[in-house]
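Beneath this line is the structure, given in structure tokens, with notes to follow.
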Amino acid sequence: MLQRFFIFCSGADTDILDECSPGEQTKYAGIGATVFFTAVMATIAASYALYTVFDNYITAIFFGFVWGLLIFNLDRFIVSTIKKRDSFFDELIQASPRIVLAIIIAIVIAKPLELKIFEKEIDQVLLEEKNTMTLENKDQLALQYTPALEALTAENAALKQEIADKEASVNDLYETYIAEAEGRKGTEIIGKGPVYKEKREKHDSELAALQELRTNNNAKIEANEIQMATLADEYQTKVSETQPVIDGFDGLMARVNALDKLPWLPSFFIFLLFLAIETSPILAKLLSPKGPYDLKLAEQEGAVKSWVSQQKTQREVLVTTDRDLNNRVYADIAEEQELYDYKRKKARELMEMQADAFYKKQKSIL
């Protein structure tokens, strides 16, 4: 039962193969088993690859099964259409397009399994890329807010410096009128005379201006700090909104690109393994000698070809003969006087009817 199933997988004609030796049947069962297990590997690989895309077991298994059936059908078609010839070079030319197709299929099958085998290494590469992308994302977002923050910071510094300068000026005026009262500077007369009062009034006026400046500037500084806090919150919100996109950078294409950044030799050997599996049915068909099955199949195809050629020739002879007979029959009829008189009579009646119709039409117009 299992052998019959694998023979079906090989695409061989079971009616012809039943007439061959057990060894010939075993050969094609082996080819069919290779086709079957290649399709199984394709199903597993495609299911894993699709799971990384859909993140759903049912969907991944379903489409993976469909992909496995597609690979099974392709491999079965490739093997069943390779015919044994007398020249190995002719067989190789015949199989070359199918070998190219087998290479493509091997690449498609091997790549998802490589992703699974090197999953930990790929996760490490993706983690490094995500960290880099996170830093770059923060820097790019910061470019939108940095100019405004720097401008507000510079404005606050200028406002604080203005207060400091005014305080220094008021302190100088305070020192001036105190020195005048003590007689250390100015008139150098001890006591609170007119000069002292004048300098005291100037100090008091500047002190009031300092208080007003401090109040106004502090209000501006507080407003700027609120605006800076708002910008900082907006920046953090933007970072929080864009971070899930970076965290979700774990799709199929990202993993394939990460795989390409790993050493190529292990992946190359895995590809060679699947290439050997995929091309083994074709190579087995090419390297195996022409057996009884191939001879019987060639005989059957030759018989059909001969029959089709014979039928085509017979139809061509039949058409030619019928044409010649028709020509002779019509040639004989053309020489009969009775047929000529009859056709002449009918032609006369037709011309008379045409003349009458033309006359009536012209008369109606007039």
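Here, each number is a calculation from the coordinates, and none is a lab measurement. What you see is a predicted model; the values in this text were computed from it and never measured. Using ideal geometry, Cβ is built from the backbone for each residue, glycine included, and neighbour counts are taken over all protein chains shown.
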Yes or no: segment 51-71 includes at least one residue that is surrounded by 19 or more Cβ atoms within 10 Å (Cβ to Cβ), within 19 Å of ALA284 (Cα to Cα) and under 22 Å from the mean Cα position of the chain (by Cα).
yes
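Quick grid of which residues meet (1) more than 16 Å from TYR48 (Cβ to Cβ); (2) touching a residue at least 24 places away in the same chain (Cβ under 8 Å):
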| residue | (1), (2) |
| --- | --- |
| ILE103 | yes, yes |
| PRO112 | no, yes |
| LYS130 | yes, yes |
| LEU135 | yes, no |
| PRO147 | yes, no |
| ALA151 | yes, no |
| ALA157 | yes, no |
Could you grab me the full set of residues in segment 246-282 that are free of Cβ contacts under 8 Å to residues at least 24 places away in the same chain and either surrounded by 15 or more Cβ atoms within 10 Å (Cβ to Cβ) or over 22 Å from THR38 (Cβ atoms) (or both)?
GLY248, MET253, ASN257, ASP260, PRO263, TRP264, LEU265
Take PHE274 and tell me if it is under 30 Å from GLU24 (Cβ atoms) and under 24 Å from the mean Cα position of the chain (by Cα).
yes
